[in-house]
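Written out below as structure tokens is the structure these notes cover.
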Amino acid sequence: MTHRCVTLLSGGLDSMLAIRIMQEQGVEVEALNFKTAFTCCQDQSGQAARMLGVRLTVVSQDDDYLELIKKPQFGFGKGANPCVDCRIYMFERAKHFMEQIGADFIVSGEVVGQRPMSQKKKDLRTISYHSDLEDLLLRPLSAKLLPPTLPEREGWVNRDDLYDFYGRGRKKLIQLAKSLGIEDIPSPSTGCALTEPKFSQKVFDLVRKQPSSQPWDFELLKVGRHFRLDDETKVVVGRRESENGQLEFMHSQAESTSTAVLRPENFQGPAALIVGPTNSESMNYASGLVLRYANALDTTEPQVEILTQETRVVVTPVVDERIQNAKTLAD
Ligand code: SF4
């Protein structure tokens, strides 16, 4: 009897290998790619699924995913990446998908000891346990270092033909890939912005200063230079033309938490948003930043338009020492 598994496919080498190993054992594979709001746009899962000849289903995070970033049960990695919680979240969804399509077990390309945050043996146990998959989550690349799972004990897959990879080295994985006909080896990358130190600074600022932040606030982290004025107020300045448009669009959305949008009135420069109270202090600060980042100042009397929901005011910005020295949370 042919058995069916659901394999998480990121498009990286490990998940591709996990699929190919299952195919070699005659197991039917359904690939599942999990996207978060922080997944890099250069996702290679589609290409990998085509190459491997498997059907791919893409699932996205729900809003509750953000709660993991605000308060992860198992902590953060080096950046704002709550990898253990995130993997549990992914596998819970994979389990649901497995039940929906009537598959028998889940497969993942995790390698023991490869990532310090989420792939130590104890992390893998935690992930399997908390996603309620303890006996049904098979990691073929390191299976021989882990207790046998139900698919191995029942003979759905042959444990002798599984592997004992350990650690970060890729050389042997690449050799295996070539021997299994995978020629196009993807370069290693988490593809997740939460692991990037600069982006993480913005995430930590948001979750600490705005604990009730919503998906819109997290989306805003991807756009512009972010300046924190005080605990309640942040100013975001566009870095290029496309971001100016993006900021204005985001401001117009129903779920926006920005209170004002700023545009240069008589010079070329960036758009900006105020997130937090709009008052004389935040308007002076934000308009000064718009002037600081002006591209071309061909007037001696620059002016900045500030639009709130009820009012339109035009101010003369001043770049004082504080604005000149203002540091971004991260560029
Ligand atoms: S790197 Fe990002 S997507 Fe991957 S497990 Fe960690 S938090 Fe999740």
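Derivation of every value follows stated rules applied to the coordinates shown; laboratory data play no part. In this text, all values refer to a predicted model and were calculated from it rather than measured experimentally. Cβ atoms come from the backbone with ideal geometry, glycine included; neighbour counts cover every protein chain shown.
So the values come out like this:
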| read-out | value |
| --- | --- |
| Cα long-axis angle, helix 197-209 against the chain (0 to 90 degrees, to the nearest 10) | 70 |
| Whole-Å distance, taken between Cα centres, linking the stretch 292-331 and the stretch 84-142 | 49 |
| Cβ-derived FRET efficiency at R0 45 Å, residue 2 paired with residue 198, nearest 0.05 | 0.40 |
| Dimensionless Rg/Rh of the stretch 246-331 - Kirkwood Rh, Rg from C-alpha atoms | 0.95 |
| Nearby aspartates and glutamates by direct alpha-carbon distance to residue 122 (threshold 19 angstrom, same-chain neighbours under 8 apart not counted) | 85, 92, 110, 132, 134, 135, 164 |
| Three-way shape label, the stretch 87-156, alpha-carbon gyration tensor, a/c 1.5 | oblate |
| Contact order relative to length of the chain, as percent, for alpha carbon pairs under 8 angstrom and 6 or more apart | 14 |
| Mean separation of Cα contacts under 8 Å (6+ apart) over length of the stretch 4-192, as relative contact order % | 25 |
| nm² value of the averaged projected area, convex hull over the Cα atoms of the stretch 108-227 | 10.4 |
| Fully extended contour minus Cα-Cα distance, from residue 158 to residue 28, at 0.36 nm per residue | 45.4 nm |
| Amide H within-cut-off set for residue 266, under 5 Å, with H built and near neighbours excluded | 303 |
| Cα-projected label distance for residue 55 with residue 78, points at 7 Å along beta-carbon direction, nm | 3.9 |
| Cβ-derived FRET efficiency at R0 51 Å, residue 232 paired with residue 171, nearest 0.05 | 0.50 |
| Cα-based convex hull, the stretch 4-192, per residue volume (Å³, whole number) | 108 |
| Theoretical FRET efficiency, 1/(1+(r/R0)^6), r = Cβ-Cβ of residue 327 and residue 254, R0 41 Å, to 0.05 | 0.80 |
| D_trans [Stokes-Einstein, Kirkwood Rh over alpha-carbon pairs] for the chain, 20 °C, 1.002 mPa s, µm² s⁻¹ | 97 |
| Above-threshold pairs, the threshold being 31 Å between Cα atoms, out of 70/178; 71/327; 121/222 | 70/178; 121/222 |
| In degrees, nearest ten, helix 241-252 long axis to first principal axis of the chain (Cα) | 90 |
| Whether the stretch 167-243 is rounded, prolate or oblate, judged on the alpha carbon gyration tensor where a/c under 1.5 counts as rounded | prolate |
